[in-house]
Structure formats: C-alpha cells, structure tokens
1. Quick check on region 325-348. Is at least one of its residues touching a Cys at 6+ places or on another chain (Cβ under 9 Å), more than 29 Å from N484 (Cα to Cα) and not aliphatic (A, V, I, L, M)?
2. Here are G223, G213, G187: which of them is within 15 Å of W153 (Cβ to Cβ) and in contact with a Pro (Cβ under 9 Å, 6 or more places away or on another chain)?
3. Quick one: count up the residues across region 324-360 that are surrounded by fewer than 20 Cβ atoms within 10 Å (Cβ to Cβ) and part of a strand (DSSP E or B).
4. Does T433 satisfy the criteria of being more than 27 Å from the chain's Cα centre (by Cα) and either buried (at least 17 other Cβ atoms within 10 Å of the Cβ) or farther than 30 Å from F293 by Cβ (or both)?
5. Give, as residue ranges, the strands (runs of 3 or more DSSP E) completely inside region 145-248 that count at least 3 residues that are in contact (Cβ under 8 Å) with a residue 24 or more places away in the chain, under 15 Å from the mean Cα position of the chain (by Cα) and crowded, with 24+ Cβ neighbours inside 10 Å.
6. Can you tell me which residues in region 108-135 are in contact with a strand residue (DSSP E or B) (Cβ under 8 Å, 6 or more places away or on another chain) and small (G, A, S)?
7. Which numbered condition trips up M50, out of (1) under 23 Å from the mean Cα position of the chain (by Cα); (2) buried (at least 20 other Cβ atoms within 10 Å of the Cβ)?
8. Quick one: which of L82, L123, L133 is within 15 Å of G63 (Cα to Cα) and either among the aliphatic types (A, V, I, L, M) or not assigned by TED's automatic domain parsing to the domain that holds V350 (or both)?
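The values are calculated or read from the model by the stated rules, or taken from the named source; none is laboratory data. All figures in this text were calculated on a predicted structure; none of them were measured in a lab. Using ideal geometry, Cβ is built from the backbone for each residue, glycine included, and neighbour counts are taken over all protein chains shown.
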Amino acid sequence: MKVLTILLALIGCVGTLRGATTAAEESHYYEIITLPTPPGVVLEASGFQMLENGRIAVCTRYGDIYLIDGAFAHPPKDVKYLHYASGLHEALGLAARDGWLYVIQRGELTRTKDTDGDGRADLFETVSDDWGLSGDYHEYAFCSKFDAEGYLWVVLCLTGSFTSDLEFRGWCFRISPDGKAIPTTSGIRSPGGIGMNTAGDMFYTDNQGPWNGACALKQLVPGHFVGHPAGNRWYPLARASMGLRPTDPVSNSRMHIEAKKIPQLVPPAILFPYGKMGQSASGIAGDLSRGKFGPFQNQLFVGDQTHSTVMRVFLEKVNGRYQGACFPFKQGFASGCLGLEFAPDGSLFVGGTDRGWGARGGKPFALQRLVWTGQTPFEIHEMRAKPDGFELTFTQAVDPASASDTRSYRMEAFTHIYQSNYGSPEVDKTTPTIQSAGVSQNGRSVRLVVEGIVEGHVHELHLPGVRSAEGKPVLHPVAYYTLNALSGN
C-alpha cells in the first residue's frame, strides 16, 4: 500500500507541474465579491478606512474620498456612495483618529473633518508637508495607520523613481501626534504600500529597479537604510534622528555582502521573485481576524498591481532581523491590486487600478472584497529556517508516505545582483539537495534536511508530490524563502 501511495503521488506530480493553480480552484476557498461603483466615476481605490456602523471610507488615485454604506452585503445590491471630498492630489492612504479622517497626498499629510454633519468634509488642515515635490508623475506618497505610539509613517518615492533632487525623496518619515515630521529611514526607491505586521512592526513594499533586483517587502527600522542610496544626500538635514550618512553600497555586488559592510543596511525581509510572484508589489494587510479569514491569522497579505493578485507572507525573526517565505494566494482580481484592508468581519477589501502600467485583470479599476468560504485549503502554512534546512507546517495533516519521500520535493536557490542598473536576473544559482523529509507525529509538519542552503539566497521550494491525508495536492505547491541569515535553532 505504501508503494502504491508513493506511485500515485509521483504520477500526480506530473499533472501538477503541467499546470498552475487556477482561479476557479482557489475560489472553492476564497471568493471575490465585486462591488458596483457609481456610474461615470473612475474609482481607483487606493486606501481604505473602516468607520463606525459598517461604513467604509475609500480614497482614490483621482483625489476623491467616498463614504460607502452597504459594502458588506452579499450580493452587494444596495451599495451607497457619499462623496466626502474631492480635489486631493493622488490620495494613497487613509487613517482615522479623534473624529478626523487623515489622508496622504503627494505633497502633504492632511486631516479632514465634516463639521456640519452633511457627510462632506468642510475642514482641511495640513498636518505635515516637510518633503519636496516636483511635477514628476512618479512622486507617490503612502501612509500607514497609526502605530502604538500615535505616529503615522509616510514613505516617499524618488523623483521618476530614480533620483532624489528634492528634499527627502526616497525617505520614510514618522509624523508625530503634534505634526512633527521625523526622518526615520532612508534608501526607499518606489513604494507600493505600507503597513504593520501583527506585532506592530512597520513594513513597506518596494519595486524592482535600480538597487532592487526584485520587488520586496522591507522593514522600516528607525535610523537605518533599506538599499537605494540616491536619497542619502539628505542626511545632513536628518542628523538629529538618523546620525551619520551610511557608506554607499558597491554596485554589482550582492545585498548580503554589502549588509555585512554597512551596519545601517537592512536587507529585504521578503523578495518576490520577479515574474514568478508578480511585478509590482503594492498594498499590505495583516490578518488579525482570529480565524475569520481562514487559517492564516497573523500573516501578511500583499497585493501585486501588474499581476492582479494577492500574495501571502510568513515572517520570522532570525538574528534579530525579519526573513521568511512568500506564497501565491489569490488571482483573478478585476484590475491591478493596489490598496488592501481587512474589515472587522474578516474579509479583505482590495482596490484596483491599471492606469500607468496596465494589469492582467483587464478592467481600468475595481472595488472588490475577498471572503473566506469556510473551506480550508491544503497549503503550506509556515516555512521556517533551520540550521540544516527548513520546517514546513501545513493547514491539514499530510499523507505520511508522500510527505516523507524526498522525491516529492525539489529546490533551487538564487540571488540577485545588487547594482545601480535596473533590476537583476536570478544569479548564483544552486540546487540544494533534500536529504530527508521527516513527518511529525501529528502529521501537520515536515522537517526537511537540506544540503546546500545558502545565506543571502531565495530558496524556491516545489512540492509536486506532497498529498494531504485525504489525498489532495497542495493548492499552491511552491514557496520562496528569503534566507538572510542561517538559523541557529
């Protein structure tokens, strides 16, 4: 029987390798609900804020804010939009506190209020505008929600995504409750979103380009540098909070090599392999739903604008720094995924736009909600680094025969050139050998002993032969682990 099980699993490998997971297969577990938008309105939803009584505020790339009622109905037959504000300069994030609705524009962080109760903002106040702005189309600004200390974090794109000709382009600020702008982190290139993990640490997504071999999820650590040196010219204006300017990295090197030479340099926590996982990493949302969104509570979900997808991220800390794995999660959104936000009911709102780059979804814009159907997919739940390999946990018990067979897995590793030129191919490729696969007593985890794991490399793991105890293949049988440091545990 064991031989037959392994044979069937290996035969199934062929079918899995021939075709990727489809949106229809994913929809058994997560359903996309499309909200109708007002006729004639281009609603490129870029940021969300949950309000009282089930109402949602949505900002748009066109500079509008709408208040939405009825967004949680299924199907959404009676959705109502109230036009709260207009004339903003490409609003890309919302937050709320003490009766104010905060919105980030290209040139400033603004707070707004409806003082007469008619549903429209009539009071606008500048909170902070301590950065430079030109007419370049690419000078995006994104803001977080309030952190535990009451600060909002703002990340600023370089001019044209290449240069820092104006003050603090390519930087992160923290904006204090009294409006003071504190230079916090340098080295940003072209952010696509910002948000906290469930531990309260702040991250942003950066996109492939100069000094970025691939799109990435990067932690924003106060006083540190995240990779692109163009904005470091502004260190003389930031010494009170940042100290001395870091040494510039050497082009045509590797990130993990330069990080050992530059103490302030924080490597990406997650690299999203270009083309395989997406091409334009965007919004970030942490699952605090306590199971309302399925089995992935406390993990992060990250959008991709070009591929019109949402990806899943598992993070762990090794030697005091974040690293971890990314996984495909949900495809089939109607437009390019930009803003992401979890609602109190555990559903995930996703805003879409294709303006500027196009997107696989095909629609120019969309407002959608992702809902767990109650069915649990068979997936890798976590992938943790070990001194001699990795430990996988699954959402369901595995079939011991297939999961303990090393032929059910294959792995390759690669890194990127850390360079001033645009992007990077996958380089320094190796093929680590999976020597053994030990299944735990409860059947929910597998310990992979791997010869040839490489510090500073992405480890691409395929699981075409692994089956659940019920005989199901892994829904998304691939994981990409960014190994910044070898684990000592």
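1. no
2. After applying the criteria, what remains is G187.
3. Counting residues in region 324-360 that are surrounded by fewer than 20 Cβ atoms within 10 Å (Cβ to Cβ) and part of a strand (DSSP E or B) gives 0.
4. When the stated conditions are applied, T433 passes them.
5. 191-196, 202-206, 215-219
6. The answer is G119, A121, S128, S134.
7. If we test M50 against (1) under 23 Å from the mean Cα position of the chain (by Cα); (2) buried (at least 20 other Cβ atoms within 10 Å of the Cβ), just (2) comes out false.
8. None of the other options fit; the residue is L82.
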